[in-house]
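Q: One structure is given below, represented as structure tokens, and several questions about it will come after.
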Amino acid sequence: MDLYARLRPALFRLPADRAHDLARLALRVPAFFRLLGRSGRVTDPRLATDLAGIPLANPVGLAPGFDKDGDLLPSLRHLGFGYVAIGSLTPEPRAGNARPRLVRYPDRRSVANSMGLPNQGVDACVRRLKARPIRDTAVVASVAGFSIESILGGVLALEPLVAATEVGLICPNTSESERLRELELVGELVAELGRQCRKPVFVKLPPHHMADDRARVMTMVDLCVSAGIDGVSVNGGRHVVEPGLAVGRGSLAGQDTFLDALRIVGDVAERAAGRLVIRASGGVFTGEDAARMLRAGATTVEVYTAFIFEGWRIAGLINRGLLDVLERERLGAVSELRAAREPARSGSRS
């Protein structure tokens with residue numbers, strides 16, 4: 001039994017928010033994770049991946065949300081991820097929602113969260129990255145905001161210090177007029193990003209579960225293609241009512257969202273027709289899960305919930321599983337998995 005498997009029962013007896021704080025505290029000791037991270041590092045040229053021109057050792061990334069401010073990068077860089085996404089960062093510091101804001105569902109390997117974008121702000125992250133630049137691991141900085149100006153300002157401030165940026169537009173999206181305005185804002189935003197960004201930029205697409213939402217997201221895909229955006233980030237999350245959260249509701253993540261994420265990746269890949277790179281997240285725990293996402297059209301997969309459940313070894317577990325898939329199917333590289341697209345909107349999780 002590995003060390004994390006021994007620690008997990010004790011961690012899971014703690015409230016999820018407290019365990020999360022302890023994990024972040026431990027990750028402030030890079031020397032410890034330089035040693036532990038050996039189990040997560042898998043070196044094999046068959047895993048090499050090109051992410052919009054960014055060379056990666058493997059296609060497994062850490063999703064934004066765990067390292068919100070980039071202060072854990074000195075440890076996370078040792079854990080075998082192809083890249084690490086930090087954020088989401090907002091123009092001004094935000095405290096986030098009241099606690100508790102994390103609830104685990106261990107039997108389903110899923111979580112509900114209502115974080116509310118707690119972070120120290122773009123300026124603090126810029127200072128940190130300038131003081132301690134990360135050279136050996138690709139970093140993607142996720143920026144969120146309520147206006148085109150605030151998002152663009154954050155992207156341009158962070159772009160010189162990271163390999164790529166991701167943007168997410170926070171929109172109320174509760175009425176037909178707001179949904180129409182959201183599309184207008186997305187169009188304006190991606191046009192500006194296409195004109196001003198010099199490094200790869202990804203647009204975070206909202207998950208879609210209804211026909212109307214799907215049509216709106218497909219329009220966003222078209223806008224990204226027209227503006228020359230490099231890629232998009234997709235996930236299978238959905239809103240859930242959860243009395244265990246202080247605000248009473250949150251977003252579902254983890255294994256429960258896998259099939260939705262797989263379907264959404266397939267939808268977006270079909271619409272983009274190879275013109276956008278896709279970063280996919282939602283319930284990826286194994287190499288088989290990752291292979292299915294890649295076959296559906298993703299270029300990379302990202303984990304967050306699996307990091308909670310499997311710890312620092314997760315990148316190694318998935319990458320070794322991917323190599324097993326390649327061996328079984330007699331493929332020479334993970335890029336070949338995308339050449340054998342599976343029907344992502346049907347079937348069941350194996």
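Q: I'd like the full set of residues that are at pLDDT 70 or above and closer than 15 Å to residue 301 by Cβ, limited to segment 327-350.
A: Within segment 327-350, 334, 335, 337, 338 meet the criteria.
Q: Looking only at segment 59-92, count how many residues are touching a residue at least 60 places away in the same chain (Cβ under 8 Å) and either in a loop (DSSP other than H, G, I, E, B) or open to solvent by 10 Å² or more (accessible area, probe 1.4 Å) (or both).
A: 15
Q: Could you look through segment 253-268, keep only residues that are over 14 Å from the mean Cα position of the chain (by Cα) and open to solvent by 10 Å² or more (accessible area, probe 1.4 Å), and pick out the one that is nearest to residue 231 (Cα to Cα)?
A: Residue satisfying both the conditions and the ranking: 263.
Q: Can you tell me which residue within segment 150-193, out of those that are in a loop (DSSP other than H, G, I, E, B) and closer than 17 Å to residue 206 by Cα, is modelled with the lowest pLDDT?
A: 173
Q: Please work out if residue 103 is open to solvent by less than 20 Å² (accessible area, probe 1.4 Å) and either in contact (Cβ under 8 Å) with a residue 12 or more places away in the chain or farther than 20 Å from residue 193 by Cβ (or both).
A: Considered against the rule, which asks whether it is open to solvent by less than 20 Å² (accessible area, probe 1.4 Å) and either in contact (Cβ under 8 Å) with a residue 12 or more places away in the chain or farther than 20 Å from residue 193 by Cβ (or both), residue 103 comes out as no.
Q: Please state which one of 298, 315 is of a type in the set (A, V, I, L, M, F, W, C) and either in a helix (DSSP H, G or I) or open to solvent by 10 Å² or more (accessible area, probe 1.4 Å) (or both).
A: Answer to the selection: 315.
Q: Filter segment 126-137 down to residues that are free of Cβ contacts under 8 Å to residues at least 24 places away in the same chain and not hydrophobic (A, V, I, L, M, F, W, C) and give me whichever is surrounded by the most Cβ atoms within 10 Å (Cβ to Cβ).
A: Within segment 126-137, the match that is surrounded by the most Cβ atoms within 10 Å (Cβ to Cβ) is 127.
Q: Do you know which of the residues in segment 138-149 that are open to solvent by 10 Å² or more (accessible area, probe 1.4 Å) and farther than 17 Å from residue 62 by Cβ is modelled with the lowest pLDDT?
A: Out of the qualifying residues, it is 146.
Q: Whether any residue in segment 257-280 is assigned to a loop (DSSP other than H, G, I, E, B) and under 18 Å from residue 206 (Cα atoms) is what I want to check. Walk me through how you get there before you give the answer.
A: Within segment 257-280, the first condition is being assigned to a loop (DSSP other than H, G, I, E, B), and the residues that meet it are 273-276.
Now restrict to residues that are under 18 Å from residue 206 (Cα atoms): 276.
Scanning segment 257-280, I find at least one residue that is assigned to a loop (DSSP other than H, G, I, E, B) and under 18 Å from residue 206 (Cα atoms), so the answer is yes.
Q: Another one. So, of the residues in segment 323-341 that are under 16 Å from residue 50 (Cβ atoms) and out of contact with any strand residue (DSSP E or B) (no Cβ under 8 Å at 6 or more places or on another chain), which turns out to be least open to solvent (accessible area, probe 1.4 Å)?
A: Let us first name the residues in segment 323-341 that are under 16 Å from residue 50 (Cβ atoms), namely 332-339.
Add one more test, that the residue is out of contact with any strand residue (DSSP E or B) (no Cβ under 8 Å at 6 or more places or on another chain), and what stays is 332-333, 336-339.
Details: 332: 42, 333: 21, 336: 77, 337: 2, 338: 77, 339: 92 Å².
Only one residue fits best here, namely 337.
Q: Output the residue which, of all residues in segment 106-115 that are in contact (Cβ under 8 Å) with a residue 40 or more places away in the chain and open to solvent by 30 Å² or more (accessible area, probe 1.4 Å), is nearest to residue 285 (Cα to Cα). Don't jump to the end; show me each part of the working.
A: Looking only at segment 106-115, we keep the residues that are in contact (Cβ under 8 Å) with a residue 40 or more places away in the chain, and these are 106, 108-115.
Next, only the ones that are open to solvent by 30 Å² or more (accessible area, probe 1.4 Å) stay: 106, 108-109, 113.
Values: 106: 13, 108: 12, 109: 9, 113: 19 Å.
Among residues in segment 106-115 that are in contact (Cβ under 8 Å) with a residue 40 or more places away in the chain and open to solvent by 30 Å² or more (accessible area, probe 1.4 Å), the one nearest to residue 285 (Cα to Cα) is 109.
Q: Ok, one more. Among the residues of segment 242-256, write down those that are assigned to a helix (DSSP H, G or I) and among the acidic types (Asp, Glu).
A: Listed by number, the list holds a single entry, 256.
Q: Show me the strands (runs of 3 or more DSSP E) found entirely inside segment 197-241 where at least 2 residues are at pLDDT below 95, aromatic (Phe, Trp, Tyr) and open to solvent by less than 40 Å² (accessible area, probe 1.4 Å).
A: Qualifying strands (runs of 3 or more DSSP E): none found.
Q: Assuming residue 98 fulfils every condition listed in (1) under 26 Å from residue 247 (Cβ atoms); (2) open to solvent by less than 20 Å² (accessible area, probe 1.4 Å) apart from one, which condition is it?
A: Of everything listed in (1) under 26 Å from residue 247 (Cβ atoms); (2) open to solvent by less than 20 Å² (accessible area, probe 1.4 Å), residue 98 misses just condition (2).
Q: So which residues in segment 116-125 are open to solvent by 20 Å² or more (accessible area, probe 1.4 Å) and not charged (D, E, K, R)?
A: 116, 117, 120
Q: State yes or no: is residue 8 open to solvent by 50 Å² or more (accessible area, probe 1.4 Å) and within 30 Å of residue 333 (Cβ to Cβ)?
A: No: the conditions fail for residue 8.
The values are calculated or read from the model by the stated rules, or taken from the named source; none is laboratory data. As the structure is a computational prediction, the values presented were derived from the model and not from experiment. FYI the Cβ positions are ideal-geometry reconstructions off the backbone, even for glycines, and counts take in every protein chain you see. Keep in mind that these areas ignore ligands, DNA and RNA; they rest on the heavy atoms of the full protein, side chains included. Shrake-Rupley method; radii C 1.70, N 1.55, O 1.52, S 1.80 Å.
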